[in-house]
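A.B. asks: To start, I am sharing the structure in question, which I have written as structure tokens.
The values are calculated or read from the model by the stated rules, or taken from the named source; none is laboratory data. Given the structure is predicted, the values throughout are model-derived calculations rather than measurements. FYI the Cβ positions are ideal-geometry reconstructions off the backbone, even for glycines, and counts take in every protein chain you see. Just so you know, the surface numbers come from the protein's heavy atoms only, side chains and all, with ligands and any DNA or RNA stripped out. Shrake-Rupley method; radii C 1.70, N 1.55, O 1.52, S 1.80 Å.
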Amino acid sequence: MDTLVLNVSHISKSIKKKEIIKDISFQLRKGEVLGFLGPNGAGKSTTLRMLVGLSRPSAGTISICGHSIRDDYVKAMAHVGCIIEGPDLYDYMSGYKNLELLGSMSKHVTQAAIDQAVTLVGMENRIHDKVRIYSMGMKQRIGLAQALIHKPDLLILDEPTNGLDPQGIHEFREIVKSLAKDTGISVLISSHLISEVQLMCDRVCIINNGMIVQDGTVTDMLSTGEIVWVLNDPIKGQKILSENFNLASLLNEHNELIAAIDLKVLPQINATFITAGLELHTVYAKNKTLEDLFLSVTNQRTIQ
Amino acid sequence: MIKKIWPLILLLSSALILVFVTGLITAIAITNGGEKSQEEIPAPPENIQTEPSSAAKNILVLGDSIGYGVGDEPDMGIGKRYAALIDSEETIEVTNLSVSGATSADLAALVEAPENEAFIAAADLIIISIGGNDLTGIQSEDVLSLDMAFQETFNTYQKNLDATLNRIRNLNPEAQIALIGLNNPYSELDVQNSQNLLEWNYKTGLIAAAGLKTAYIPTYDQFKDHLETYLAADQFHPSSIGYQVIAEELDRVLNGID
Amino acid sequence: MLILIRNEVTKLLLKKKLILIIGLLIIFITLLSYGQQYTYEKNIDRFENFSGAGTYDWKSLATQRLNDLENRLDSPYIPDSGIASTEIEIRQLRYFIENDINPITPSAVKFSVDFVEQGISLLIPLIIVILAADLVSGEFSTGTIKVLLTRAVPRWKILLSKLIALILMTTLVVLIIGILSVLISYLFFRQWGFNEPVATGFSLIDGQLNADSVILVTRFQYSLLIYSLTWYVSIVIAAITLLISILVENTATAIGVLMAALIGGQFLQFFLSDWAIVKFFFVTNLDLTRYLTGSYQPIGGMSLNFSIITLGLWGLLSLMIGFMVFNRKDVLV
């Protein structure tokens, strides 16, 4: 259990008598990158706020590196760095001054640690400019640096790429990825962007209406066990499948034949198709896109 | 930059906080009168008890600096001038117990004092000039609160004046009392002040009307257009001519025109 | 903790609030000093034209008044209660005559005291509001409260550091008001007036202003007293502002609420004599300095002690509610 960086158990949150978060539990291990995926208003941000002590759960417990956030706030928070909804900085100060000020609030943050964080996010050249004149991307880099100066074990990023241009998103993603790889920091990223989660995370929690509806590794979640055949006569193929193998199948919009099968019988099926005189153009295992999965579990069409 | 001035700010502010807290405590102590005990206040000069003379007619002047005659030639004032008007042979004894700067409260206290009883009881005519110092005590920045302060002040004044008149009547049911009205030394300057002053005079007139043998002597209109000659050099107290005008007005009200 | 306080002071300084406040003060003080100087000269002129005497001879008038008062002291008829105040006035007049200072001449220290006496119930509170209104609400509206509250520091410590920083800065502002008003008005009046005697220490006995315990202090000492009271008022206003700043999450609203309270409170004062509850409102108690000058209308039950205690309770209560709310608040911005 010593590798459990974050342990969330059975937390609920009601605001104005409305239950927004309903009994959420999940864990995060050392070095893991967990994506928190859900439509807008699903409760991602509310959950993350409770993790960093900005808001209190109505029920349930949260512990970070073994310290309960309720009973041992200071010790628990010493292990966390976060950006909650955008990089909020004092725009009347320079980036460096911001880091210095926020760093001074944690123990043992040295000048060197600040410089290191600045180098990590690639802001050495503009660090002494006022935050007011920074671009969104630069602010986000300082935001990341501010979350990292006290060398936390857990990095919590809430919608970190909101408002960034594609270039900025790409750079930010690379920084976080290399961070997780090089320092073994655990990362929790919330997003409504499926591609982002797919590209950055080892594991995904899909959250909808305040509940976790799916929790697993990205590869597990995406495999469907379905095979797709591209044939010159899919109707005949469908017939063969049902008559010879007793398998239900369907045709998709491209007239491709799809069936869920045990992979062991695949060579036999392919042989039967060819013997029956069908032209077999392509055979491939169908992977669900995360989007399909997401839509199927959230049952909602308003995803961007 | 800020790192350098921070210790300075911290030190300066902390020191100032100490100073201010001390000042605050001192202010509280002073206002509660703790700093000064009764002994430090100089003892009042020995009272010289004089008996009122048994002249044919006794005039007693009470009140403030106008009663006292500030601005007039030495040893004159309303009382002496009035006495001269009605009786050129100077058989009239004038006693002046006025105190420059007195307010209605001072006057009420003065008539209560046992040492003054005999003067009041012996007087045939008691001239009272009071209220001016009550009125000038009102200080206010705006019209609304000025109005409030005015009402407040007048109520106090009325209470004191009633007490004074009652006391006098108790000691001396027979004497004629004359209340000298206020004039406005700043007449043209401030409409609001003039209005308040007229109201003050009017109400004082009502108080006089309510009492037996109590007359109200108007001075406002008499002075209004002659401030340059009727006021003394200090632009506040009446001049000798001013006092003469008041005395003549007093004569007209009390005795009519022959 | 000291580091947290330093951080908060840094923020306050970098927001350039102090520069704005100094700017405002310079404008106000310059205008008022000029105005006072102008009125003074006008009065002298008017007097000279009016009396036709050519020059305004304050000295003979003051001497006349002095003699008058001295005669009065010898008079057997004045009531005991008047003696103390007469003696005070005599000593003041003597000072003016001996030092050849016209009593109505404006001096820098006198102006400085007048300035805070006039400003203590509105202008100075407003300045403190400018300083303090965005202390917490500003962090909410820019979202920086999130980076501040996700550090390994308990919330009460953060608020306490803000409070202490605010007290330090408020103290500095009071000092700045004093220094600026003395320096600027000196440029106009050319008269410091530190040693001029001032009467203070009026006490209320049975609802009447009592001058028995009046003492004479130099104007410098007097200004220290006045500024101490001003400082106390400022600290209380700062505490109340901090509470509002915690409650509303928006700087503009915070300033609006406080302005409404301050200005509305001025109106409420008109009902003071009839409506007893009004005297427990903080705004009606701001004018602490009037209790020292003795030029006020006593209102039943109101004294320096009463006002100081009422203000203190308002301040403490604000802080208690402030800390409670801040500690429990969900940050949803």
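A.B. asks: Run down A:His192, A:His150, A:His128, A:His170 and say which single residue is within 24 Å of A:Gly95 (Cα to Cα), open to solvent by less than 50 Å² (accessible area, probe 1.4 Å) and not acidic (Asp, Glu).
C.D. replies: Within the list A:His192, A:His150, A:His128, A:His170, the selection yields A:His150.
A.B. asks: Looking only at region C:99-114, filter to residues that are open to solvent by less than 10 Å² (accessible area, probe 1.4 Å) and over 17 Å from C:Glu41 (Cβ atoms); which one of those is nearest to the chain's Cα centre (by Cα)?
C.D. replies: Among residues in region C:99-114 that are open to solvent by less than 10 Å² (accessible area, probe 1.4 Å) and over 17 Å from C:Glu41 (Cβ atoms), the one nearest to the chain's Cα centre (by Cα) is C:Val113.
Here is a yes/no grid of residues against (1) assigned by TED's automatic domain parsing to the domain that holds B:Leu171; (2) of a type in the set (S, T, N, Q); (3) at pLDDT below 85; (4) not in a loop (DSSP other than H, G, I, E, B):
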| residue | (1), (2), (3), (4) |
| --- | --- |
| B:Leu10 | no, no, no, yes |
| B:Val19 | no, no, no, yes |
| B:Thr22 | no, yes, no, yes |
| B:Pro42 | no, no, yes, no |
| B:Ala55 | yes, no, yes, no |
| B:Leu62 | yes, no, no, yes |
| B:Glu73 | yes, no, yes, no |
| B:Met76 | yes, no, yes, no |
| B:Ala105 | yes, no, no, yes |
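A.B. asks: Okay, next question. With (1) surrounded by 17 or more Cβ atoms within 10 Å (Cβ to Cβ); (2) in contact (Cβ under 8 Å) with a residue 60 or more places away in the chain; (3) within 14 Å of chain C (Cβ to nearest Cβ); (4) of a type outside the set (Phe, Trp, Tyr) as the list, and B:Leu227 as the residue in question, which single condition is left unmet?
C.D. replies: Going through (1) surrounded by 17 or more Cβ atoms within 10 Å (Cβ to Cβ); (2) in contact (Cβ under 8 Å) with a residue 60 or more places away in the chain; (3) within 14 Å of chain C (Cβ to nearest Cβ); (4) of a type outside the set (Phe, Trp, Tyr) one by one, B:Leu227 breaks only (2).
A.B. asks: Of the residues A:Glu85, A:Glu19, which single one is among the acidic types (Asp, Glu), at pLDDT below 90, within 17 Å of the chain's Cα centre (by Cα) and open to solvent by 40 Å² or more (accessible area, probe 1.4 Å)? Write out each step before concluding.
C.D. replies: On the way: A:Glu19 fails: within 17 Å of the chain's Cα centre (by Cα).
The unique qualifying residue is A:Glu85.
A.B. asks: Can you confirm whether region C:288-305 contains a residue that is in contact (Cβ under 8 Å) with a residue 12 or more places away in the chain, more than 27 Å from C:Gly178 (Cβ to Cβ), within 14 Å of chain B (Cβ to nearest Cβ) and not hydrophobic (A, V, I, L, M, F, W, C)?
C.D. replies: Checked against the condition, which is being in contact (Cβ under 8 Å) with a residue 12 or more places away in the chain, more than 27 Å from C:Gly178 (Cβ to Cβ), within 14 Å of chain B (Cβ to nearest Cβ) and not hydrophobic (A, V, I, L, M, F, W, C), region C:288-305 yields at least one hit.
A.B. asks: Would you check if there is a residue in region C:306-315 being within 25 Å of C:Ser112 (Cβ to Cβ), assigned to a strand (DSSP E or B) and free of Cβ contacts under 8 Å to residues at least 40 places away in the same chain?
C.D. replies: No; the residues of region C:306-315 include none that is within 25 Å of C:Ser112 (Cβ to Cβ), assigned to a strand (DSSP E or B) and free of Cβ contacts under 8 Å to residues at least 40 places away in the same chain.
A.B. asks: Using the structure shown, decide if B:Thr219 is open to solvent by less than 10 Å² (accessible area, probe 1.4 Å) and polar (S, T, N, Q).
C.D. replies: yes
A.B. asks: What number goes with the only condition from (1) touching a Leu at 6+ places or on another chain (Cβ under 9 Å); (2) surrounded by fewer than 17 Cβ atoms within 10 Å (Cβ to Cβ); (3) at pLDDT below 85 that C:Phe271 does not pass?
C.D. replies: Evaluating C:Phe271 over (1) touching a Leu at 6+ places or on another chain (Cβ under 9 Å); (2) surrounded by fewer than 17 Cβ atoms within 10 Å (Cβ to Cβ); (3) at pLDDT below 85 leaves (1) as the failure.
A.B. asks: While we're looking at this one, here's another question. Scan region A:199-215 residue by residue and report those that are out of contact with any strand residue (DSSP E or B) (no Cβ under 7 Å at 6 or more places or on another chain) and either among the small types (Gly, Ala, Ser) or crowded, with 18+ Cβ neighbours inside 10 Å (or both). It would help to see each step written out before you state the result.
C.D. replies: Within region A:199-215, the subset out of contact with any strand residue (DSSP E or B) (no Cβ under 7 Å at 6 or more places or on another chain) is A:199, A:208-209.
If the condition is that a residue be out of contact with any strand residue (DSSP E or B) (no Cβ under 7 Å at 6 or more places or on another chain) and either among the small types (Gly, Ala, Ser) or crowded, with 18+ Cβ neighbours inside 10 Å (or both), then A:Asn208 is the only one that fits.
A.B. asks: Report every pair of residues separated by at least 6 positions or lying on different chains whose Cβ atoms are under 9 Å apart, first residue within region A:102-117 and more than 10 Å from every other protein chain (Cβ to nearest Cβ), second surrounded by 14 or more Cβ atoms within 10 Å (Cβ to Cβ) and of a type in the set (Phe, Trp, Tyr).
C.D. replies: Filtered contacts from region A:102-117: A:Ile114/A:Tyr96.
A.B. asks: Can you tell me which condition A:Met50 does not meet? The list is (1) touching a Ser or Thr at 6+ places or on another chain (Cβ under 8 Å); (2) surrounded by 20 or more Cβ atoms within 10 Å (Cβ to Cβ); (3) farther than 27 Å from A:Gly137 by Cβ, and all the others hold.
C.D. replies: A:Met50 satisfies every listed condition except (1).
A.B. asks: If we scan region C:139-161, do we find a residue that is more than 7 Å from every other protein chain (Cβ to nearest Cβ) and under 29 Å from C:Ile27 (Cα atoms)?
C.D. replies: No, region C:139-161 contains no residue that is more than 7 Å from every other protein chain (Cβ to nearest Cβ) and under 29 Å from C:Ile27 (Cα atoms).
A.B. asks: Quick check on my filter: what residues within region A:64-100 are in contact (Cβ under 8 Å) with a residue 40 or more places away in the chain, among the aliphatic types (A, V, I, L, M) and farther than 26 Å from A:Asn162 by Cβ?
C.D. replies: A:Ala78
A.B. asks: Let me ask something additional. Can you tell me how many residues in region C:237-250 are surrounded by 24 or more Cβ atoms within 10 Å (Cβ to Cβ) and within 14 Å of another protein chain (Cβ to nearest Cβ)?
C.D. replies: Residues in region C:237-250 being surrounded by 24 or more Cβ atoms within 10 Å (Cβ to Cβ) and within 14 Å of another protein chain (Cβ to nearest Cβ): 1 in total.
A.B. asks: Turning to a different aspect of this structure: Look through B:Leu198, B:Leu182 and report the one residue that is more than 25 Å from C:Leu61 (Cβ to Cβ), of a type outside the set (D, E, K, R) and assigned by TED's automatic domain parsing to the domain that holds B:Leu60.
C.D. replies: B:Leu198
A.B. asks: Still on this structure, please answer the following. Name the pairs: first residue in region B:1-22 and aromatic (Phe, Trp, Tyr), second residue assigned to a helix (DSSP H, G or I) and open to solvent by 50 Å² or more (accessible area, probe 1.4 Å), Cβ to Cβ under 6 Å, at least 6 apart or on different chains?
C.D. replies: Matching pairs, first to second residue: B:Trp6/C:Arg6.
A.B. asks: How many residues does region B:111-133 hold that are part of a helix (DSSP H, G or I) and open to solvent by less than 10 Å² (accessible area, probe 1.4 Å)? Spell out the reasoning first.
C.D. replies: Pass one, region B:111-133, residues part of a helix (DSSP H, G or I): B:111-112, B:114-122, B:132-133.
Retained after the next criterion (residues that are open to solvent by less than 10 Å² (accessible area, probe 1.4 Å)): B:111, B:116, B:120.
Counting residues in region B:111-133 that are part of a helix (DSSP H, G or I) and open to solvent by less than 10 Å² (accessible area, probe 1.4 Å) gives 3.
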